[in-house]
Amino acid sequence: MSNSAIPVSSSAHRGPTLGFRGLDVLWLQVTGTVCNIACTHCFITCGPKNDSHPIMETQSVLDALEQARGLGVKEIYFTGGEPFLHPEILKLVEATLVHAPLSILTNALLLDDETCAGLARLERNSRYSLDLRVSVDGTTAEENDPIRGRHTFRRIMEGAHRLYRHGLNPVFTVTTVHAQYEGNEGRVQFLESLRELGFDRPRVKFIPPFHIGREEERGGAYPPGFQLSPGDLFEGEEQYLQCGSCRTVTAKGVYPCPILIEEDGARMASEIHDTLVPIELNHPACTTCHAEGFSCRT
Ligand code: SF4
Ligand code: SF4
């Protein structure tokens, strides 16, 4: 295994080096870029017709989990695409919860009663936590549906309520594409609106838009030269940036984080153990993580 820093993109720009602290978090792109909807802000351009990262074989997921367990992983995330398109998702949830806490990022559109009951049973039988991160882009159909598609707000809320009724309090995940949710006042209002929608212990994670993938067309691309340079990181930043202690596995290999899987040159290696080295943050999206102190973790 080499100890030299691996650039996170094929850009010729030289970025700062971020040390690697150890594998605390493993992201599994269980359904790759395959999603049942095609949000206008999706930073990895997921959708029903994008299988550039295909759905992972069940055994590949189990192998990655086993490898990560051997490396001391503390927390697992399932994402995509839409994880509930995986034909054996509950088997994967069960296998994961034997060893570690799990968060699943979902649009909630496929969460029927049977699936929610299965998730609740697995959560009750595990010593580890199971969090469902439900993506939504506002507290009304008028805010959400232009981003996620017609009638999705109603259906997202139905899925979230099903989770709630089965004892799983979702973490709503909101990309701040609407200016009012960038500040504290708007965020407090968001929580209040969720209470009015019937979630009396609302949990919300706000995430900034990344100007890559489909978001390049909706909100605009990063301007030329918008990149970090050597010396821009503060001391100990690897404690805060998730890529200082996480890796992402897809059907095509291992990547530094879930944000860059569609970016040129971001693939690091085939096996997790070959990626536990410092990385060079030379992609424009790294400026967003640095400036916002952002992590995709729950
Ligand atoms: S943002 Fe999430 S739900 Fe929307 S297209 Fe991308 S992966 Fe699918
Ligand atoms: S985009 Fe963010 S999480 Fe990904 S490598 Fe850059 S700084 Fe790390």
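The values are calculated or read from the model by the stated rules, or taken from the named source; none is laboratory data. Bear in mind the structure is a predicted one, so any value in this text is a computation, not a measurement. Quick reminder, even Gly has a Cβ in these numbers, built from the backbone with ideal geometry, and neighbours come from all protein chains shown.
Tabulated values for the structure
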read-out: Which listed residue is within 26 Å of Asp137 (Cα to Cα), crowded, with 20+ Cβ neighbours inside 10 Å and away from ligand 2 (no atom under 16 Å from the Cβ), from Ala108, Ala120; value: Ala108
read-out: Those residues of the stretch 63-89 which are away from ligand 2 (no atom under 16 Å from the Cβ), under 19 Å from the mean Cα position of the chain (by Cα) and either free of Cβ contacts under 8 Å to residues at least 24 places away in the same chain or outside any loop (DSSP other than H, G, I, E, B) (or both), in sequence order; value: Ala64, Leu65, Ala68, Ile76, Phe78, Pro83, Phe84, Leu85, Ile89
read-out: Those residues of the stretch 9-60 which are in contact with a helix residue (DSSP H, G or I) (Cβ under 7 Å, 6 or more places away or on another chain), more than 22 Å from Thr173 (Cβ to Cβ) and away from ligand 2 (no atom under 16 Å from the Cβ), in sequence order; value: Thr58
read-out: Whichever residue in the stretch 218-234 is surrounded by 12 or more Cβ atoms within 10 Å (Cβ to Cβ) and under 24 Å from the mean Cα position of the chain (by Cα) and, among such residues, is nearest to Val177 (Cα to Cα); value: Gly219
read-out: Pick from the stretch 5-33, criterion within 14 Å of the chain's Cα centre (by Cα) and not hydroxyl-bearing (Ser, Thr, Tyr), ranking: surrounded by the most Cβ atoms within 10 Å (Cβ to Cβ); value: Val30
read-out: Qualifying residue in the stretch 272-293 (condition: over 25 Å from Arg14 (Cβ atoms), more than 16 Å from ligand 1 (Cβ to nearest atom) and among the β-branched types (Val, Ile, Thr)); value: yes
read-out: From the options Glu280, Glu237, Glu215, residue that is modelled with pLDDT under 95, over 15 Å from the mean Cα position of the chain (by Cα) and buried (at least 16 other Cβ atoms within 10 Å of the Cβ); value: Glu237
read-out: Residues (in a loop (DSSP other than H, G, I, E, B), closer than 14 Å to Glu82 by Cα and of a type in the set (S, T, N, Q)) located in the stretch 106-153; value: Asn107
